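Chemist: Dumping the structure here so I can ask a few things about it.
The values are calculated or read from the model by the stated rules, or taken from the named source; none is laboratory data. Bear in mind that the values here come from a model prediction, so they are computed numbers and not experimental data. Here the Cβ is made from the backbone with ideal geometry for all residues, glycine too, and neighbour counts use every protein chain on show. Protein only, heavy atoms only, side chains kept; ligands, DNA and RNA dropped before computing areas. Shrake-Rupley method; radii C 1.70, N 1.55, O 1.52, S 1.80 Å.
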Amino acid sequence: MVELHVRKDSRQRLSSFYATGHAGWAESGEDIVCAAVSAVLQAAWLGLAEVRQIDVTGSRSGGRLELAWPPDARDDLGAQAIVATAVLSIERMAMQFPDHVRVIIEAADG
């Protein structure tokens with residue numbers, strides 16, 4: 001199962017996300033659910049970094065993708081739209097493939 005963990009900061013603004021796992025919908029290399037999740041999250045990364053020119057931090061390796069953006073970018077309407085659209089897209093995939101995709105919203109610790 002792919003799990004997308006979406007984090008909010010203390011002001012309830014989206015601040016980062018990480019995805020782990022594999023959907024398990026089909027064999028590796030043919031799993032369209034896994035590919036769809038990956039494509040949406042990587043598009044969000046590109047949108048933040050290349051379109052909005054936000055200095056993001058992130059990593060991709062072995063079934064894990066992690067991305068965070070700085071506090072000063074969290075009020076940027078373009079960044080909010082990019083991230084909210086990605087999260088909504090994955091939430092819809094989770095509704096369509098509940099045994100393969102899960103979205104977890106995590107609030108800040110303070």
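Chemist: Every residue in segment 48-64 that is within 23 Å of Gln96 (Cβ to Cβ) and outside any strand (DSSP E or B), please.
Modeler: The one that is within 23 Å of Gln96 (Cβ to Cβ) and outside any strand (DSSP E or B): Gly63.
Chemist: Count, please, the residues in segment 57-74 that happen to be surrounded by fewer than 19 Cβ atoms within 10 Å (Cβ to Cβ) and of a type in the set (A, V, I, L, M, F, W, C).
Modeler: 1
Chemist: Among the residues of segment 1-18, count how many are open to solvent by less than 30 Å² (accessible area, probe 1.4 Å) and in contact (Cβ under 8 Å) with a residue 60 or more places away in the chain.
Modeler: Adding up the residues that qualify gives 7.
Chemist: Please identify the pairs in which a residue from segment 25-47 that is closer than 12 Å to Leu67 by Cα has its Cβ atom under 8 Å from the Cβ atom of a residue that is assigned to a helix (DSSP H, G or I) and open to solvent by 60 Å² or more (accessible area, probe 1.4 Å), counting only partners at least 6 apart or on another chain.
Modeler: So the pair list comes out as Ala44/Thr85.
Chemist: Of the residues in segment 75-108, how many are touching a residue at least 24 places away in the same chain (Cβ under 8 Å), over 19 Å from Ile32 (Cα atoms) and open to solvent by 60 Å² or more (accessible area, probe 1.4 Å)?
Modeler: 5
Chemist: Filter segment 23-56 down to residues that are of a type in the set (Val, Ile, Thr), more than 15 Å from the chain's Cα centre (by Cα) and open to solvent by 30 Å² or more (accessible area, probe 1.4 Å) and give me whichever is nearest to Leu4 (Cα to Cα). Don't jump to the end; show me each part of the working.
Modeler: The initial filter retains those residues of segment 23-56 that are of a type in the set (Val, Ile, Thr), namely 32-33, 37, 40, 51, 54, 56.
Narrowing further to those that are more than 15 Å from the chain's Cα centre (by Cα): 32, 51, 54.
Now drop any that are not open to solvent by 30 Å² or more (accessible area, probe 1.4 Å), which leaves 32, 51.
Working: Ile32: 16, Val51: 23 Å.
The residue in question is Ile32.
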